[in-house]
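The values are calculated or read from the model by the stated rules, or taken from the named source; none is laboratory data. Since this is a predicted model, take the numbers as computed values, not measurements. Virtual Cβ from ideal backbone geometry, glycine too; neighbours counted across all protein chains shown. Keep in mind that these areas ignore ligands, DNA and RNA; they rest on the heavy atoms of the full protein, side chains included. Shrake-Rupley method; radii C 1.70, N 1.55, O 1.52, S 1.80 Å.
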Amino acid sequence: MKVIVLGAGIVGVTSAYQLAKAGHEVTVVDRQPGPALETSFANAGEVSFGYCSPWAAPGIPMKAMKWLFMKHAPLILRPKLDVAMLSWMARMLSNCTSERYAINKSRMLRLADYSRIALADLRAETGIAYDERMQGTLQLFRTQQQLEASAKDVKALAADGIPYEVLDRDGCIRFEPALRHVRDKIVGGLLTPKDETGDCFKFTNALAAKAEALGVRFAYGTTIKALDVEAGRVRGVITDRERMSAEAVVVALGSYSPLLLEPLDIRLPVYPVKGYSLTIPITDASRAPESTVMDETYKIAITRLGDRIRVGGMAEISGYTNDLGLARRSTLEYSVTDLFPGGDISKASFWSGLRPMTPDGTPVIGGTDVAGLFLNTGHGTLGWTMSTGSARLIADLVTGGQPEIDAKDLAISRYG
């Protein structure tokens, strides 16, 4: 079939690659001049197959109230008279129950573990290099209360067969030797050893080149105006340059997906949640992390990417704004220098991107009521983690094959 993929971020490019492998004639459309120039550009670098949890969790409403008054807050709320924002927040709050958390986390772990296998296969078949490491994620606890609260995550990991290890202070230092300099600031951690790290921008660009070699056409610098739908079936895409015909269209536009779908009366509950990152050159490797350390107090990931450290995190709910707030930079700098002192943050580059979040934390993957129109979006903070598995799923669904894992509860139909 002729298939158009909308979006050239990590989710769009992996989808295009798998669709081309399945034998389809694929075109990718993106407004940027190249791949991975928005949310995929400078994300935290985590590939978190085990460390993946919904933001909507028991206790989050109370924590959020406290966070709003913290100097270095993991959550920043800039409320607006925006129906989409208010509706999304209400839905998110409704998912902050133990029952919903268990269901949503199980979905996420299922897709993440499938993505672990898919990424390993992809790496083996393509030989792509992207500053990758396979050394795990350490969720670092500064308080005994945080360590005890991790029991719900341990229970979910055990139920889904995901390897994990609860570490005391010395165990954390054995895993991340540079933490010996700040041993008095930590009490323990939760290690998910199958997690990986890597530069999403490097990976996406390398895979886009592989996709082109398979015949995928990339229409960069092209603005998508509307979906062309006739008699309940998608016929193609209308852009600022031309009308493109297709038998199937995959929407992988991240936070912008709902705006394209709204004229078709498809209510996709995805809302942008802005994240920030610093990229810092390593000046002393003995004081740098070996893999990813997740600072639980500030919800900030500190990741080794080759000769750089990527510090990423925070959740700012402020709509489609992409300004760089200096207060956010201060929080990133505080976390990394507090745990890994000695780096030269004066040479850091500062970035922000809009993560496409669903209220339940689970991406939306599957078909719609419009024949031939498919969605692969809403991955939130885990687009890099879940991209390869999501791509395999969407390729199977577009082709009409049987997915290798259950995908029914990932479709938009779960929202009723």
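For the pair Arg241 and Lys152, label points projected 7 Å from Cα toward Cβ lie 4.8 nm apart. Based on DSSP H segments of at least four residues, each scored -39500 (n - 2.57), the chain has a per-residue ellipticity at 222 nm of -10000 deg cm²/dmol.
For the chain, just run the numbers: alpha carbon Rg, then divide by 2.2 N^0.38 Å, N being how many residues it has.
Output field value: 0.94.
Provide the net charge surrounding Glu404, with neighbours chosen by a C-beta distance below 14 Å and charges set as Lys +1, Arg +1, Asp -1, Glu -1. Provide the component values of the computation, followed by the final result.
Details: positive: Arg110, Arg116, Arg392, Lys408; negative: Asp113, Asp121, Asp396, Asp406.
Taking every Cβ under 14 Å from that of Glu404, the sum is 0.
How much of the DSSP beta bridge set in the chain is antiparallel, as a percent to the nearest 5? Working shown, then result.
Working: 51 of 74 bridges.
Percentage antiparallel, nearest 5: 70.
At 25 °C and a viscosity of 0.890 mPa s, what translational diffusion coefficient does Stokes-Einstein give for the stretch 263-362, taking Rh as the Kirkwood radius over Cα pairs? Give it in µm²/s as a whole number.
Working: Rh = 14.6 Å.
Translational D for this selection: 168 µm²/s.
Cross-link partners for Lys274 among the lysines, with Cα-Cα distance under 16 Å and sequence neighbours closer than 8 places in the same chain left out: Lys80, Lys299. In the chain, excluding the sites themselves, the longest stretch lacking any of the trypsin sites (Lys or Arg not before Pro) that are in a DSSP loop with at most 16 other Cβ atoms within 10 Å is 81-240. Charge tally for Asn95 (other residues, Cβ to Cβ under 13 Å; Lys, Arg +1; Asp, Glu -1): +3. The Cα-based radius of gyration of the stretch 91-165, divided by its Kirkwood radius, gives an Rg/Rh of 1.06.
Expressed in Å, the radius of gyration and Dmax of the Cα atoms of the stretch 86-133 are 16.7, 45. Take every Cα pair under 8 Å whose residues are at least 6 apart in sequence, average their separation, divide by the length of the chain, and the relative contact order is 27 percent. If the segment from Asn322 to Arg267 were pulled out straight at 0.36 nm per residue, it would be longer than the present Cα-Cα gap by 17.4 nm.
Given a 1.4 angstrom probe, I'd like the percentage of the accessible area of the chain that is carbon and sulfur, rounded to a whole number.
On the way: 8720 of 16450 Å².
After summing per-atom areas, the C and S share lands at 53 percent.
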